[in-house]
Amino acid sequence: MKRRKEKNRSSSKKRTRGNARDTRAESEEFLKKNRLKPNVIETESGLQYSIVDPGEGASPTEWSTVEVNQRILLADGTVIKDTFRTPDTDRFTMEEAIPGLKEGLPLMKEGGRFRFVVPPDLAWGKRGAGDRIGPYATLVFDIRLERVRG
């Protein structure tokens, strides 16, 4: 009986960062499949995006502060953050953004909603971030640009 309980506890543990080799292979496969989807645009750097709603307002510059609602997922669908489910938005300067968002957000206009697939070298690369984003992780951002300042 004790063994069964121990086994159940270990299987319900929170997902961890994983190992670099597995995450890198998963990322490469995900990016390869995603680029074949209709309406996906890929930039020279490897950033992939699709336009859900183009928006009509201002676009951010490298000196702007942006306010966004966003859902951030790993390639396997694990949700890292979701402000769409809260009354709060995220606010940050473009200078603070990861390279993939520094490239992608200026493509947007206020009120617009894009889906960005950010390869590891435009996100946190081989170091990962915290205990949930492993090395070489591809990230998916579903972002609505609520406001641009500056």
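Key figures for this structure:
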| read-out | value |
| --- | --- |
| Label corresponding to Cα extents along the principal axes in Å when calculated from the structure given, among (1) 61, 34, 28; (2) 54, 38, 33; (3) 56, 44, 28 | (1) |
| The chain - percent relative contact order, Cα under 8 Å, separation 6 or more | 32 percent |
| Nearest-0.05 FRET efficiency for Asp131 and Phe92, computed from C-beta distance (R0 22 Å) | 0.55 |
| Eligible aspartates and glutamates near Lys81 by straight Cα distance, threshold 14 Å, same-chain separation 8 or greater | Asp90, Asp131, Asp142 |
| Computed [θ] at 222 nm, deg cm²/dmol, the chain (DSSP H ≥ 4; -39,500 (n - 2.57); rounded to nearest 500) | -6000 deg cm²/dmol |
| Positive minus negative residues near Gln48 (Lys, Arg vs Asp, Glu; Cβ under 15 Å) | -2 |
| At R0 = 25 Å, FRET efficiency that the Cβ-Cβ distance of Asp121 and Ala58 yields, to 0.05 | 0.30 |
| Amide proton proximity set for Tyr136, modelled H, under 5 Å, gap of 5+ | Gly125, Lys126, Arg127, Gly128 |
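Every number in this text was worked out from the coordinates using simple rules, so none of it is lab data. Note that the structure is predicted; figures quoted are calculated from it, not measured. Here the Cβ is made from the backbone with ideal geometry for all residues, glycine too, and neighbour counts use every protein chain on show.
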